[in-house]
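The values are calculated or read from the model by the stated rules, or taken from the named source; none is laboratory data. No experiment lies behind these values; they were computed from the predicted model shown. Because the Cβ atoms are built from the backbone with ideal geometry, glycine has one as well, and the counts that use them run over all protein chains shown. Protein only, heavy atoms only, side chains kept; ligands, DNA and RNA dropped before computing areas. Shrake-Rupley method; radii C 1.70, N 1.55, O 1.52, S 1.80 Å.
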Amino acid sequence: MSGQFIFFMLFSVTAIGGAIMMLNMERIMYMIASAAVTFLSLAGIYVLLHAEFLAFVQILIYAGAITILMIFGIVLTKHEEKREEPKRRFYHISLFAGVVGLFAVFYYVINQSAFPAVTREIAQDQTKEIGLLIYSQYVIPFELVSILLTIALIGAIIIAKREGK
Amino acid sequence: MSDREKEIEKKEEKEIKKETEKKEEKEIKKEVKKDTAEEKKASSSSSEREKDAQEEEEAAPLPNQDKLDKLVALFKGQVSEDAVVDAYINELDHHVPVVTVHSDHLLACAAILLSDEQLKLNYLRNVSGVDYETHLEVVYQFVSMELKHHYVIKVKTDRDQPVVPSLTSLWKTADWNEREIYDLLGITFTGHPNMKRIMMPDDWVGHPLRKDYEAADPEV
Amino acid sequence: MDNMIEQLSIGSVSLVTLATAALLLIVLVFVTYGIYFERKVIGWIQLRQGPNRTGPFGLLQTVADVFKLLIKEDTIPNNADKTVFKLGPIISFIPAFVVLAVIPYTENLYFANLNVGLLYYVALSGISTIGILMGGWASNNKYALLGGMRSVAQMISYEIPLVISMVGVILMTGSLNMIQIVEGQAGGFWSWNIFPQIVAFGIFIIAAVAELNRTPFDLPEAESELIAGYHVEYSGFRFAFYMLSEYVYIYAIAGLTTVLFLGGWHAPFAFLSFIPGLIWFIIKFCSIVFFLFWIRATMPRLRVDHLMGLGWKVLLPLSLVNIFVTAIVLELLK
Amino acid sequence: MSIRTEELLVNVGPQHPSTHGVFRLVVKLDGEVITEATPVIGYLHRGTEKLAENLSYTQIIPYTDRMDYLSAMTNNYVLCHAVETLMKLEIPEKAEYLRVIVMELNRVASHLVWWGTYLLDIGAMSPFLYAFRDREKIVELFNELCGARLTYFYMRVGGVKWDAPPGWIDKVKEFIPYMRKQIEEYEKLVTGNEIFLSRVKDIGKYDSQTAINYGLSGVNLRSTGIDWDLRKQEPYSLYEQFDFDVPTSTDGDCFARYRLRIEEMKQSLSIVEQAVAQFPEEGKIMAKVPRVIRPPAGEVYSRIESPRGEIGCHIVSKGKAEPYRLKFRRPSFVNLQILPELLIGETMTNLVTIFGGIDIVLGEVDC
């Protein structure tokens, strides 16, 4: 059992655990904390995959910025502390069946498909590699994404301004 | 932090002070006992004092007499004949003209003080309430920053149902001052936006500055 | 780091543990005497003595203070969210300590030689903010909440110019690796990044002080407005953890500044290089720490809106311009 | 779409480092912006006015020390002055000189405390300690003169209690150039600081009309351009003899008030300088006053310029040894009224700046 495997198990369990906690927690603050756990675990898995750059960007953006943004929203706005879940037996059973079915499908597909065993040389300087790829092969999607984000930013400003009036 | 320091300093000071105070107190008490009889004679009601002042006026015209006459004429002419209850010159206080106004006409008179070109009393420097045992009195000290003169306006009110119109609409200074008078003397100012106690707790009973006020604990 | 994960043996695990313990010890000693030093420096500036009672020259004052905090009764406000309240200081402290791993002291003395060292620092230091906000929110105190919100707003606003000002340095070296950044500054003080990147240095220092929540940017804990800000309800060792993470960040920022701008362990003149690199590092490090204490004793506090304005309207555009100019100059010199 | 945000009700005080005493301000916050502010006072109410009705005039003086405890000398003076006006007393010249010297020194000391604490509120800690170092020198001078450091109980009806001890006047003489140098240094340290300027400029602005309407006095009034200083307008004591300026400004903001207080310190020093130069070595320090002071029946309102503005004393006497009614017009109490209006629309940070700029002493507000 290699260290890599132990850490992979650890991170995947915390990632899934965080996701489940997030759905089941009652207080919003806890939900966000669980989400942050998931984000961090994912970053850990990235590290295991030798994608350090991605891992720390993941922490920076998701665990840092987005989580804080969400907490901000919650702290500043009024929200109900608890809400009563209506008990729907049939709903729960069908939900459970659906989840089991989905798992079965995934398991079957992943088990069946043969992944091409390409062994790629791990780049020494990934940051450089990513930069090169973004600005050569993927330049158009990259620019499109930046346009989209700019539009979102402007939209947010416009909404906020209208609110102010 | 600054406050704590001040507190400590205060304490130090107090101890020294107490000793000196005590000594002096003793001396004074001795004197007071001797003179109690005299004091009784000397005490006179305010109305008597005002009469005395008026008599003096007739004897020789005092400085500021013209100012007082003008003001009285102004009130009588512009507001009402019975607006002015009393008017005299307070010799002891730099010959300041003092006019006692009827409380029904206070607001109108005050508006004149503020607007009249000859008066321009735009600054209300102080409002005091006095309990004369027979009645309550509110004393307004006015000054004009432009013309640099000083007037005193007084209003008398009943002791059991003390009501005086509020001057907050004309001078914001009056706001807390009137609240303080309400709190300590129990005069209600009609038209005041927030007639609540200011110094004492909201549920306090009685008005401490009244002469017949009895402290909850007389020892204190 | 990669190697360690792959060859997880008892030997390597114990080595890492030992090294971590050593680092923790160094940091704790730094914090202890950093606080002592701060109080002495500020005392000296303010015509006071500073601590001089506990131990010789008051050297044990901080030890006594920490001991007091540790044995103090642990109080949690009644209406506080207990779990989050307890979690806050820990979440705030762990990243503060973890970021120290990538700071190289000399070419041989470092804990992790990470390719993306700088990014690692920036990413993890952002997590502390969550701890602060959690503490502020969970205390169920209005002042704490205001302080928490302020500090988060401030830290987010200043993280951006902080990172972007680093980009200039990254451009100069062409690497995110801290050791390579220092190597790039070898050969006399004129080749240190502080001179070609003087604008970035200015932005970095301002943003760093803001990140540290220290005067003149100590709005989150502005005692004259918010009493103590986000940690107003904390006492005992939880409070100690918040304080500890604050001082560990001073350590981290001072180390980072030395590495990024002051040439790390390199001597300012070649003939002085007989003095070991670690000494140079410590000298530079200490002068940054002193600088931080010095401005604390001198400056009044900034206002919230001015702070935000400064961050977004001045530092951010300036740092972007700095990148732009650096890139053009580098391209021309190629 | 609308985002519902909560309004926060914050109690600033009665225990808060920036309220300079037990003052409470109930503040409604929308984010960091104040939408409503309600001052609550009375925590330090000691009933001085009621107590005074059972005390002889000399016994009241120590109570005045405790009103504006940063400027006890002016408080002493206003009461003595009121009684002296009633009794038409002639005060010996030497006593008046001593009174002017201590009042002006007290003004400097009071402004120093204000300066230090104001900068502490703004977030700079060092000036606070510098200010207290220099105030200490004044306090020491007072200590030598009257044996007290804060509540002096120095003046009496008819004069002062203690003559200047030998060498005291020389010490005051030495102090003046020292203090001038210090003030210069303070200005270098603080007045030009960009952060400080951005904190106080255009903050807490009001115009002269508002100031008059609220009955503000002292620096709070003069910062709006009104040249109104009772030492000039209604001269008392020896102030007519001295040559000094009344600094005014038309800006009406916190920075104007800051500058005026610094300027006032300089003017006070120049008054002290003239007073010690003309100081008569010989002469009495007490007028002929009966052992029990019994002013004639009558009414008087005397007012002087305290460091915080117009402090007044309204006495109704019935010819007894105790006043029938004694009312103090406390400048802090009147000046504080404008606070709620100034705070609306400001942030929490400006609250501290504006509140500090008014310069109140809680002992005086509650009296």
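In table form, for the structure just shown:
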| read-out | value |
| --- | --- |
| Some residue of the range B:182-196 being aromatic (Phe, Trp, Tyr) and open to solvent by 30 Å² or more (accessible area, probe 1.4 Å) | yes |
| Residue check, D:TYR63 closer than 30 Å to D:ILE315 by Cβ, part of a loop (DSSP other than H, G, I, E, B) and either aromatic (Phe, Trp, Tyr) or away from chain B (no Cβ under 12 Å) (or both) | no |
| Those residues of the range C:46-68 which are buried (at least 17 other Cβ atoms within 10 Å of the Cβ) and part of a helix (DSSP H, G or I), in sequence order | C:GLY58, C:GLN61, C:THR62, C:ASP65, C:VAL66 |
| Subset of the range D:219-268 [open to solvent by 30 Å² or more (accessible area, probe 1.4 Å), closer than 19 Å to D:ASN335 by Cα and among the basic types (Lys, Arg)] | D:ARG259 |
| Extreme residue, nearest to D:ARG294 (Cα to Cα), among residues of the range D:118-156 that are of a type in the set (Val, Ile, Thr) and modelled with pLDDT under 90 | D:THR151 |
| Filter result for the condition that a residue is of a type in the set (Gly, Ala, Ser), open to solvent by 10 Å² or more (accessible area, probe 1.4 Å) and either touching a residue at least 12 places away in the same chain (Cβ under 8 Å) or over 21 Å from D:ILE91 (Cβ atoms) (or both), over D:ALA321, D:ALA297 | D:ALA297 |
| Test: residue in the range C:101-113 that is within 13 Å of chain A (Cβ to nearest Cβ) and modelled with pLDDT under 80 | yes |
| Candidates C:THR258, C:THR215, filtered to the one that is part of a helix (DSSP H, G or I), crowded, with 23+ Cβ neighbours inside 10 Å and among the polar types (S, T, N, Q) | C:THR258 |
| Residues of the range B:154-181 that turn out to be more than 17 Å from D:GLY47 (Cα to Cα) and either open to solvent by less than 30 Å² (accessible area, probe 1.4 Å) or at the interface with another protein chain (Cβ under 10 Å from one of its Cβ atoms) (or both), as a count | 15 |
| Test for C:GLY168: is it small (Gly, Ala, Ser), at pLDDT 80 or above and closer than 21 Å to C:ASN113 by Cβ | no |
| Residues satisfying the stated conditions in the range D:342-358, i.e. open to solvent by 10 Å² or more (accessible area, probe 1.4 Å) and in contact with a Phe, Trp or Tyr (Cβ under 8 Å, 6 or more places away or on another chain) | D:LEU342 |
| Counted residues, the range B:123-148 - those being open to solvent by 10 Å² or more (accessible area, probe 1.4 Å) and either of a type in the set (Asp, Glu) or in a strand (DSSP E or B) (or both) | 2 |
| Any hit, the range B:92-109, residues being among the acidic types (Asp, Glu), farther than 14 Å from B:VAL164 by Cα, surrounded by fewer than 23 Cβ atoms within 10 Å (Cβ to Cβ) and over 12 Å from the mean Cα position of the chain (by Cα) | yes |
| Residue in the range A:150-159 that is β-branched (Val, Ile, Thr), assigned by TED's automatic domain parsing to the domain that holds A:ARG27, modelled with pLDDT of 85 or more and open to solvent by 70 Å² or more (accessible area, probe 1.4 Å) present | no |
| Yes/no for C:ILE156 being surrounded by fewer than 23 Cβ atoms within 10 Å (Cβ to Cβ) and in contact (Cβ under 8 Å) with a residue 24 or more places away in the chain | yes |
| Selected residue (only one of C:THR257, C:THR298 is under 16 Å from the mean Cα position of the chain (by Cα) and outside the structural domain of C:THR32 (by TED's automatic domain parsing)) | C:THR257 |
| Residues (out of contact with any His (no Cβ under 9 Å at 6 or more places or on another chain), within 14 Å of chain D (Cβ to nearest Cβ) and in a helix (DSSP H, G or I)) located in the range C:128-142 | C:TRP137, C:LYS142 |
| Residues satisfying the stated conditions in the range C:89-110, i.e. in contact (Cβ under 8 Å) with a residue 60 or more places away in the chain, open to solvent by 20 Å² or more (accessible area, probe 1.4 Å), within 13 Å of C:LEU244 (Cβ to Cβ) and not aromatic (Phe, Trp, Tyr) | C:ILE90 |
| Qualifying residue in the range D:96-105 (condition: closer than 29 Å to D:GLN241 by Cβ, of a type in the set (Asp, Glu) and either surrounded by fewer than 24 Cβ atoms within 10 Å (Cβ to Cβ) or under 12 Å from the mean Cα position of the chain (by Cα) (or both)) | yes |
| Selection within the range C:114-127 - farther than 19 Å from C:ILE91 by Cβ, within 18 Å of the chain's Cα centre (by Cα) and either away from chain A (no Cβ under 11 Å) or open to solvent by 10 Å² or more (accessible area, probe 1.4 Å) (or both) | C:LEU119 |
